[in-house]
Every structure is written in C-alpha cells, then in structure tokens.
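A short write-up of the structure that comes next.
The values are calculated or read from the model by the stated rules, or taken from the named source; none is laboratory data. It should be emphasised that the depicted structure is a prediction, and the values quoted were computed from it without experimental measurement. Note: ideal-geometry Cβ built from the backbone for every residue, glycine included; neighbour counts use all protein chains shown. For the accessible areas, the whole protein counts, side chains as well, though only heavy atoms, and no ligand, DNA or RNA atoms are used. Shrake-Rupley method; radii C 1.70, N 1.55, O 1.52, S 1.80 Å.
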Amino acid sequence: MSQTKPRSSSTPHRQSQGGKDFRKRVQRSKQQGQTPARQTASSPRTGNPAARPGIILKAEREKSLLRRHPWIFSGAIEYIDGKPASGDTVPVRDAAGNFLAWAAYNADSQIAARVWSWREQEVIDQTFFRNRIANALAARRTLGLDRDSNGMRLIHGESDGLPGLIVDRYGDVLVMQLGSAGPEHWRDTLADILQELCAPVCIYERSDSDGRELEGLPKRNGAVRGTLPENVEVVEHGIRFTVDVAEGQKTGYYLDQRDNRALTGTLAQDKDVLNCFCYTGGFSLYALRGGAKLVLSIDSSQEALQLAQRNVELNGLDASRTEWQCADVFDALRKLRDQNRKFDLIVLDPPKFAPTAAFAEKASRAYKDINLLGFKLLRPGGLLFTYSCSGGISDDLFQKIIAGAALDAGVDAQIVRKLHAAADHPVLLSFPEGAYLKGLVLRVA
Ligand code: SAH
C-alpha cells in the first residue's frame, strides 16, 4: 500500500516499524486468532509497548484521519489489539502500523474512537487536558466575547480539541456536558481543572442528552463541584435571562444564537413580530427592547413559556405588547394563516430535526412546511429569520429547502444575510460538522 505522509514528528521511529510487515503480521495473527506482535507498534513515551492496546484501521480507511477529522467509525476498524475499556486512551494506526493518533475508545458507540491528539509523543493526562482547556479559555478572551455577555460556551467539543466535552458558563456557574466515553473517563480531572482555572461557585453536570444512550452511557444530572445557586442568570447584550440549569433544555440556554438575537432586536422597531420555537423568550425579548409593536411567541413547552414571561418582567419590558401561545408550531402557523394574521418579522428557530444526514429527507419536509407557512404570513417587505441547527442538513441543502418553500408560497425573496453560531462556538476546519447552526435572513418582495 502507498506510504502515507507521516503526521507525527517521530518519523524515524515510525518508519522503523515496517509498514507492510506489520499489516501481514496483523492479518496472520488474526487468522490464527492471536494478538499481533505489538512491539512493532511501539511508542517512545508509553513504556512497554506490549502493554498498550490499540486500534488498527482497515486499508485505506486512514484517509479522514490524515485530514485530521477526529472520529473513527467502527466500520473502519480492522482489528483491536488488546481489550481497551470504554474511555481508555488508545493509539490508532493505519493498516501498515503507522501511528495516526491517540484516541478515546468507546466499545458501545458507532463512533468507536475520538481523537485527543495527533502527536505520537503526547501523553494524555491531566497536563494535556489542562493545556487544552486553558487554550479554549484563552481563545475566548482574545475574542473579547465577555463584552457582550457573562454567558459563554467555554468548550465546544471537537472544535476545541476536546471531543464530547461541552462547557457553558452562566455568570459564575459552569455547566458541563459529557457526550462520549472519553470525557466521561476523565470526568473528575476535567472538573478539577475547570474549578482551578475558572473558580466557579458551582460546576453542574448536564450529561442527560439522548446522545448519551447512543454512547452506552447512563444519564447524569447534578452538581459536581459546589452547590447550584437558586437563581442563575445570564446577562446578554444588557438583557437578563433566567437560566434553568437543572431542568432547562441543553445546558439551560441557547448561547449559540446570541449575535443573531441581537440582530433581530436592531430590526424590530415598530414591527409585528412572530417568534416560533421561542424557548425562554430569547428573540422575543430582543424584539421588545428593539421597539416591536407586538411580539407573538410560540413554543410547545409550558415551562419555557413561563420562564419567558418571567424574563419579560425581569427586564421591565412591556408585557402588554406580548402574546404567548403554548402550541405545536406546525399547527399554530396553519391557524394563523387561516385567521389571515400578518407579520413584518418572523423568526423560525426549530429544534434539531435532523441530527444526522440519515434524517435529512424527513427533516427537509418539516423545514419546508414551516418556512412555506412563514412566507405566507409575511407582509410585503417583511423579514424571515430562519434557522436550522441540524448537523444532517448542509448550508446548501438548507438554502434549497427555503428556495422551494418560497416558490410554493408564491413569494419572491432575497437572502439579505447568512448567519451562523456566535464566535464562542468555533468550527474546526477539519471538522465541518461543527458548523451545525445556519441561518438565513430573507426579505420578501
Ligand atoms: N430560539 C430559542 C431557542 C429555540 S430551541 C432561543 O433563542 O433561546 C427550540 C424550541 O422549540 C424549544 O423551546 C422547544 O420546546 C420548542 N419546540 C420543539 N418542537 C416544537 C414544536 N413542534 N412546536 C413548538 N415548539 C417546539
């Protein structure tokens, strides 16, 4: 097989491992039901190489890793040398035995391993995690994000070199979400480092997303360090939001829409606004502060709507300009159409309809449905802020869906802005899945 360009700086060491020979040995020992000679796959920093289990990929399946995509799917694995436990750090090698990465193994997931480091000399230990976390914090400081808000995503998983780990800050409370076996294994270490570097009054764990089940991990919800204060608030662009850390959605609040909410606020003056999937009132409060005439907010969660109304009060905004509906948006939009209601600005920020590409077709129909109705409810010259946070829907596909919706609604519309998640949700170039949130601002003729 072709020799792939080495990624690590330990080239001489790796070359001495004899590519083809290694593969033959693996194949031979597999046929014989034995463990291959592991000394061929040694690492200079790991002591006795035979003590280290590892993952050997199928031929040609190293390509995505060479592009530094951090996921190893179970189908790409030829052989697992040794018996690593879920969460263990294992070396990943190509079929010729060349080192590719250190990764966290997960026996129970389709994503069988997620890469911690591409450097063979790296030791995955407390110092490694301290450096990665310090780096993520430094990046946020450089971006000057705390000028806008005391709420911020501090660690954005793969894009911050820490696959499966999400950490959000709400004032002096941190919320940590462990989405895969790697961070689960290092849970205490991660909490210690976050406590040391951020000194929060509480680190609360919200490892209770459905994704945990796909990873074979139990759900967990509770304080890891300190005690959760009764009231947690985030102040974003001067607007106060109560955050339900323990029971709210995700880690309690949708930080990713911060800049987009602010943009909506600047365009809401004297407008009739419809905010669909309003959660705790994010876009609604910005629109109210921005001078909207009326804001109708719809969500299917009664708890979210209660919090939204409380947030209106908390900010001394004019509740008489608000209208709330606890309803399924798909039904509510039809009713509004039948009532011939019209709006000047509509926000559609639905939940993730397509977590992966496998759901794209069904999700496309759902996006088209709400957007078609949204277009119909707009007055001429009106603005539609439409979003998708589905990893399984690409920017291109989203734009096509919206084009189809406009066509079927019989309106001509222009894209006036393309929107993304805020800068505390960076996207690693080698991990395009990180760009999950896409938004379009459309103006209808
Ligand atoms: N725009 C919000 C975040 C929206 S999250 C913000 O800026 O904070 C998506 C919301 O959609 C959640 O509050 C959820 O309760 C709601 N939701 C999900 N499915 C729904 C449906 N079919 N009809 C109405 N609301 C729905």
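Which whole-Hz ³J(HN,Hα) couplings does the stretch 238-243 yield from phi under the Karplus relation 6.51 cos²θ - 1.76 cosθ + 1.60, θ = phi - 60°, glycine and proline marked x?
x, 9, 8, 10, 6, 10
Going by amide H atoms built from the backbone, whose H comes under 5 Å of the H on Arg225, apart from near neighbours?
Amide H neighbours of Arg225, under 5 Å, 5+ apart: Ile203.
Compute the helix-to-body angle for 187-198: its Cα long axis versus the longest principal axis of the chain, expressed 0 to 90° and rounded to tens.
60 degrees
Keeping all protein chains in position, work out how much accessible area Leu296 exposes to a 1.4 Å probe, and write it in Å² to the nearest 10.
Estimated to the nearest 10 Å², Leu296 gives 0 Å².
How far apart, in nm, are the 7 Å Cα→Cβ label points at Ser301 and Ser74?
Here the modelled spin labels are 3.1 nm apart.
Tabulate in residue order the Karplus-calculated ³J(HN,Hα) for the stretch 373-388, using 6.51 cos²θ - 1.76 cosθ + 1.60 with θ = phi - 60°, rounded to whole Hz; enter x for Gly and Pro.
5, x, 4, 5, 8, 8, 6, x, x, x, 10, 10, 9, 10, 10, 9
Under a crude label model (7 Å from the Cα following the beta-carbon direction), how far is Asp125 from Ala59 in nanometres?
Rounded to a tenth, the inter-label distance reads 3.9 nm.
Run a plain Debye calculation on the stretch 264-363 (Cα atoms as equal point scatterers, no solvent) and give log10 I(q)/I(0) at q = 0.10, 0.14, 0.18, 0.21 Å⁻¹, rounded to two decimals, same order as the q list.
Results for the stretch 264-363 at q = 0.10, 0.14, 0.18, 0.21 Å⁻¹ read -0.28, -0.53, -0.81, -1.03.
For Glu247 and Arg310, compute 0.36 nm times the residue count separating them, minus their Cα-Cα distance, and round to one decimal in nm. Don't skip to the answer; put the middle values down first.
Working: separation 63, 0.36 × 63 = 22.68 nm, distance 1.61 nm.
This chain segment gains 21.1 nm when fully extended.
Rank these residues by their accessible area, most exposed first, probe 1.4 Å: Leu66, Leu178. It would help to have the intermediate numbers written out before the result.
Working: Leu66 35, Leu178 0 Å².
Largest accessible area first, the list is Leu66, Leu178.
Dividing the convex hull volume of the Cα atoms of the stretch 45-117 by its residue count, what figure in Å³ per residue is obtained?
On the way: hull volume 5.9 nm³, N = 73.
Convex hull volume per residue, Cα atoms: 81 Å³.
With a Förster radius of 30 Å, plug the Cβ-Cβ distance of Asn135 and Arg443 into 1/(1 + (r/R0)^6) and report the FRET value to the nearest 0.05. Display every interim value, and only then the final one.
On the way: r = 40 Å, r/R0 = 1.34.
For Asn135 and Arg443, the calculated efficiency is 0.15.
Can you list residues whose amide H is under 5 Å from Asn275's amide H, if they're 5+ apart or on another chain and H is modeled 1.01 Å from N?
Leu296, Ser297, Ile298, Val347
Taking the Cα of Asp395, stepping 7 Å toward and past its beta carbon, and measuring to each backbone N in the stretch 418-445: which are under 18 Å?
Counting only backbone N, you get 418-442.
Is the stretch 287-346 rounded, prolate or oblate when judged by the Cα gyration tensor, a ≥ b ≥ c being the square roots of its eigenvalues, rounded requiring a/c under 1.5 and prolate requiring a/b larger than b/c?
Working: a/c = 2.89, a/b = 1.32, b/c = 2.18.
Here the stretch 287-346 falls in the oblate category.
Using a 1.4 angstrom probe with every protein chain in place, what is the largest-first accessible-area order of Ile415, Ile111? It would help to have the intermediate numbers written out before the result.
Values: Ile415 70, Ile111 20 Å².
In descending accessible area the options line up as Ile415, Ile111.
From the phi of every residue in the stretch 295-305, what ³J(HN,Hα) in whole Hz does the Karplus formula 6.51 cos²θ - 1.76 cosθ + 1.60 yield, where θ is phi - 60° and glycine or proline is x?
Values, residue by residue: 10, 9, 10, 10, 7, 8, 9, 5, 4, 5, 5 Hz.
Straight-line reach from Lys293: which aspartates and glutamates have Cα under 19 Å away, leaving out those fewer than 8 places along the same chain?
List returned: Asp270, Asp272, Glu313, Asp318, Glu323, Asp344.
Using 1/(1 + (r/R0)^6) with R0 = 25 angstrom and r between the beta carbons of Ser430 and Asn231, what's the FRET efficiency to the nearest 0.05?
Working: r = 40 Å, r/R0 = 1.61.
E(calc), rounded to 0.05, equals 0.05.
When the gyration tensor of the stretch 69-166 is built from Cα positions, what are the square roots of 5 times its three eigenvalues, in whole Å, from largest to smallest? Mind dumping the intermediate values first?
On the way: eigenvalues 183, 38, 24 Å².
Whole-Å semi-axes of the equivalent ellipsoid: 30, 14, 11.
Taking every Cα atom in the chain, find the radius of gyration and the maximum pairwise distance Dmax, and write them in Å.
Using the Cα atoms of the chain, the pair Rg, Dmax is 24.7, 77 Å.
When the solvent-accessible surface of protein heavy atoms is calculated with a 1.4 angstrom probe, in what order do Asp125, Asp160 fall, highest first?
Asp125, Asp160
Please state the shape class of the stretch 126-233: rounded when a/c is under 1.5, otherwise prolate if a/b exceeds b/c and oblate if not, all from the C-alpha gyration tensor. Mind showing how you got there, number by number?
Numbers: a/c = 1.59, a/b = 1.21, b/c = 1.31.
Note, shape of the stretch 126-233 comes out oblate.
Roughly how many whole Å is it from the C-alpha centroid of the stretch 307-334 to that of the stretch 378-445?
Between the Cα centre of the stretch 307-334 and that of the stretch 378-445, the gap is 24 Å.
Over the residues of the stretch 254-444, compute the C-alpha Rg and express it relative to 2.2 N^0.38 Å. Please report the intermediate quantities before stating the final value.
Numbers: Rg = 15.7 Å, N = 191, 2.2 N^0.38 = 16.2 Å.
Its radius of gyration relative to the 2.2 N^0.38 Å reference: 0.97.
Could you list the residues of the stretch 204-241 with an amide nitrogen less than 15 Å from a label point located 7 Å from the Cα of Asp188 in the Cα-to-C-beta direction?
Taking a point 7 Å out along Cα→Cβ of Asp188, the residues of the stretch 204-241 whose backbone N falls under 15 Å are 224-225.
Under 5 Å between amide H atoms, partner at least 5 residues away or on a different chain: which partners does Asp208 have, H built in plane at 1.01 Å?
Amide H neighbours of Asp208, under 5 Å, 5+ apart: Arg220.
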